[in-house]
1. Specify which labelled value, from (i) 143; (ii) 118; (iii) 182, agrees with volume of the Cα convex hull per residue in Å³ derived from the coordinates of the model shown.
2. Return the calculated 222 nm mean residue ellipticity for the chain, to the nearest 500 deg cm²/dmol, obtained by summing -39500 (n - 2.57) across DSSP H runs with n ≥ 4 and dividing by the residue count.
3. Please report 116, 40 as a ranked list, fewest other C-beta atoms within 10 angstrom at the top and most at the bottom.
4. Under 10 Å, Cα contacts only: if you run a Gaussian network model on the chain, which one of 53, 77, 171 comes out with the highest mean-square fluctuation?
5. Sort 117, 214, 255 so the one with the fewest other Cβ atoms within 10 Å of its own Cβ comes first.
6. Can you sort 161, 1 from fewest to most other Cβ atoms within 10 Å of each residue's own Cβ?
7. Gaussian network model of the chain, Cα springs within a sub-10 Å range: biggest mean-square fluctuation belongs to which of 27, 69, 95?
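Taken together, the values in this text are just the output of simple stated rules run on the coordinates, not laboratory data. What you are looking at is a predicted structure, and each value in this text was computed from that prediction instead of being measured. All Cβ positions, glycine included, derive from the backbone under ideal geometry; neighbour counts span all protein chains shown.
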């Protein structure tokens, strides 16, 4: 409850400062801190293993992306239902929400810039990030089968991985700050999107309305924690995923419409 209150309070300050003075500043700070932690892990961790994991993982991603995206002819039932079905539905149900925010902060960019900065760069960064942190953890387990990171609770694995490395106290604190700021920026951007939707698409809605939605998000999070904890969150996730299937049809129609629109723009420019 204290964390929810703190995160909501920080998000509220960010919302009051606006898009440029709030979300943008926090996001830039978070990216800088994340890059610093990533560079530290690569330099002081098992660099050779990390590099091997990055390149082999990236190659495997390219090679297996399409086969693992197909729900048919699969024997790995657990993975196909968990990743291919669940996460795809989860992403689709969230796509209008996230898409509106990305569209708002990307106004004025070209399509080429949008694809490069929103799709290609984040994908490459994720491959490097997973290779660095995952490669370090795998190396620790390979060196010691009883390494604490192996059996630690999911929310503690990062800190168990950092313990054997130098400056563990500082990097663990940095990890906590990163998680906190990520939550704040997520709440902040969420409030801006909900505010835009409820204002009929206006980007200059009253400040009081943005404050209401930011505060309401914190109230909902606190309520879920109090009434059901993980069980209530699981039910909420199931509800969000269930909206993914019908919206898939809408999303496909939107993709088709986007292609038509881009072709018309290209013909006009020619």
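1. Correct label is (iii).
2. About -26000 deg cm²/dmol.
3. Numbers: 116 12, 40 18.
By the 10 Å Cβ count, ascending, the order reads 116, 40.
4. In the Gaussian network model the winner is 77.
5. Neighbour counts put them in this order, fewest first: 255, 117, 214.
6. Fewest-to-most Cβ neighbours within 10 Å comes out as 1, 161.
7. In the Gaussian network model the winner is 69.
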